[in-house]
Amino acid sequence: MEILNSVSFSSIGVGRTRINKAVKVGSQPQRIGWKLTRTCCEYSPDTYRRQAKYEQQPQNVDLPELQPKNKKKPFPVPIKKMLQDSRRDKRLAQMRIEKPLEAPKNGLLVPELVPVAYDVLHNWKVLIRGLSQLLNVVTVYGCRKCPQVHVGPVGHQIQDCYGSGSQRRNSHHSWARGSINDVLIPIESYHLFDPFGRRVKHETRFDYDRIPAIVELCIQAGVDLPQYPSRRRTSPVRMIGKKVIGRGEFVDEPKPHRSEDCVSLLAELDTFSNQQGQSPSPSNVKDLAERTLKAYLNVRRGVEQLMSKYTVKACGYCSEVHVGPWGHNVKLCGAFKHQWRDGKHGWQDAVIDEVIPPNYVWHVPDPSGPPLRSSLRSFYGKAPAVVELCVQAGAAIPDEYRPMMRTDIVVPDCKEARWAA
């Protein structure tokens, strides 16, 4: 019989057996009896079907928790596995055996991921262009004192502000009109001509361009941009332990040039150049929202596929991201206990939410209704800011975000909320 978790069984037979045994209690022997009960059960397949259906599409999920600033981020890879890999590399290095490296860990491209990189870059352009136009239709607010963002005609009244002066305001937010950088948080990285070449040092940090981390990941995955050249290796990199023994000759990095083509490319790839866009006609708002939401989902899916092969590092204390096999040596980390590290970043493997922060906001069930209240916050859901913006513009809610947005929960009135379980 196969044992499953969280299933119910139905009883089909019960048998009882009485056992008598003589036991000496004090000076007088007495006979004590007890009953044994045997129950036969059978498994109900309907229970498994209901559980499987719930696992495929759960009713609602927990809202994302805020990461404490006085603690290091958890490692995405278990420490036990990291130690096993380190011991294996150390044993190979002691025996002077080269570490077996596969593409792209050896500096070569993965041919299967080159079309994926081009598709991610194309959808990234569509996403930025669509958001800059949708901001003229849907209003976005940002708090002046904390990183909270709200998408809706008016700011919400939920008392969850933890910025400066929040005690005087009873944790109410101080709303101001937001921009595309509040919806799509910009994460930049240093552009490297040769990721396996010289590291970026603190003194030479101004010699490198800062571009969106997604664009740098696409460039290292095979996208050729004349404005941002990248070295394409023909022979693999060789390593023994942590030491590189064969990387080819050092090639002088070309100096960055600022031409009209480079400026126009930055306008398409960077969110800072798309603060305001041309307002579309009302008949195109829904189609534009659908295209923008589809581009956002494709970007996340493609970046996750690229990160499964190409190395992306993130600081365990701050939001800095570096695309390459090793992190840079720039001393600009001002997060928790940065004095102990002399301002250096604590590099670890990055996850998809660090390259593309979801930036969760409260979901507004009815944009034309009253603002969200703090007493009803347990009935509200959350969603990434891009998804919430596109949904309010007319796009359909994606299935993967329905449980978190809690679309099946009816928000009661303030008087009815006291009687809700």
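The values are calculated or read from the model by the stated rules, or taken from the named source; none is laboratory data. Please read all numbers here as calculations on a predicted model, not as lab measurements. Quick reminder, even Gly has a Cβ in these numbers, built from the backbone with ideal geometry, and neighbours come from all protein chains shown. Heads up: the accessible areas ignore ligands, DNA and RNA and are worked out on the full protein's heavy atoms, side chains in. Shrake-Rupley method; radii C 1.70, N 1.55, O 1.52, S 1.80 Å.
Could you say whether any residue in the stretch 375-383 is surrounded by 14 or more Cβ atoms within 10 Å (Cβ to Cβ) and under 30 Å from residue 78 (Cα atoms)?
yes
Mind checking which pairs have a first residue in the stretch 192-215 that is within 24 Å of residue 243 (Cα to Cα) and a second that is crowded, with 17+ Cβ neighbours inside 10 Å and small (Gly, Ala, Ser), Cβ under 6 Å, 6 or more apart or different chains?
Qualifying pairs under 6 Å: 192/324; 195/324; 196/107.
May I ask you to list pairs of residues, at least six apart or on different chains, whose Cβ atoms are under 8 Å apart, with the first in the stretch 395-421 being more than 19 Å from residue 62 (Cβ to Cβ) and modelled with pLDDT of 80 or more and the second being outside any loop (DSSP other than H, G, I, E, B) and of a type in the set (Val, Ile, Thr)?
395/292
Does the stretch 164-186 contain at least one residue that is more than 24 Å from residue 352 (Cβ to Cβ) and of a type in the set (Phe, Trp, Tyr)?
yes
Given the residues 353, 342, which is the only one that is free of Cβ contacts under 8 Å to residues at least 12 places away in the same chain and either over 22 Å from the mean Cα position of the chain (by Cα) or over 30 Å from residue 112 (Cα atoms) (or both)? Show your work before the answer.
Values: 353 fails: either over 22 Å from the mean Cα position of the chain (by Cα) or over 30 Å from residue 112 (Cα atoms) (or both).
The conditions single out 342.
As an exercise: evaluate residue 176 against (1) assigned to a strand (DSSP E or B); (2) surrounded by 15 or more Cβ atoms within 10 Å (Cβ to Cβ) and give the number of the one condition it does not meet.
The number of the failed condition is (2).
Pull up the stretch 360-382, narrow it to residues that are under 27 Å from the mean Cα position of the chain (by Cα) and among the hydroxyl-bearing types (Ser, Thr, Tyr), then point me to the one that is nearest to residue 150 (Cα to Cα).
Restricting to residues being under 27 Å from the mean Cα position of the chain (by Cα) and among the hydroxyl-bearing types (Ser, Thr, Tyr), the top hit is 360.
Take the residues of the stretch 134-161 that are more than 27 Å from residue 271 (Cα to Cα) and assigned to a loop (DSSP other than H, G, I, E, B): which is least open to solvent (accessible area, probe 1.4 Å)?
158
Can you name every residue in the stretch 89-133 that is open to solvent by 30 Å² or more (accessible area, probe 1.4 Å) and polar (S, T, N, Q)?
94, 133
Across the stretch 326-339, which residue is farthest from residue 67 (Cα to Cα) among those that are assigned to a loop (DSSP other than H, G, I, E, B) and open to solvent by 30 Å² or more (accessible area, probe 1.4 Å)? It would help to see each step written out before you state the result.
Going through the stretch 326-339, the residues assigned to a loop (DSSP other than H, G, I, E, B) turn out to be 326-328, 330-339.
When the remaining residues are screened for being open to solvent by 30 Å² or more (accessible area, probe 1.4 Å), the result is 326, 331-332, 334, 336-339.
Working: 326: 25, 331: 23, 332: 21, 334: 16, 336: 12, 337: 16, 338: 17, 339: 21 Å.
The extreme case among them is 326.
Among the residues in the stretch 355-371, are any assigned to a loop (DSSP other than H, G, I, E, B), open to solvent by less than 10 Å² (accessible area, probe 1.4 Å) and not aliphatic (A, V, I, L, M)? It would help to see each step written out before you state the result.
Kept after step one, since they are assigned to a loop (DSSP other than H, G, I, E, B), are these residues of the stretch 355-371: 356-359, 363-371.
Remaining after also requiring open to solvent by less than 10 Å² (accessible area, probe 1.4 Å): 356.
Restricting the remaining residues to those that are not aliphatic (A, V, I, L, M) gives none.
No, the stretch 355-371 contains no residue that is assigned to a loop (DSSP other than H, G, I, E, B), open to solvent by less than 10 Å² (accessible area, probe 1.4 Å) and not aliphatic (A, V, I, L, M).
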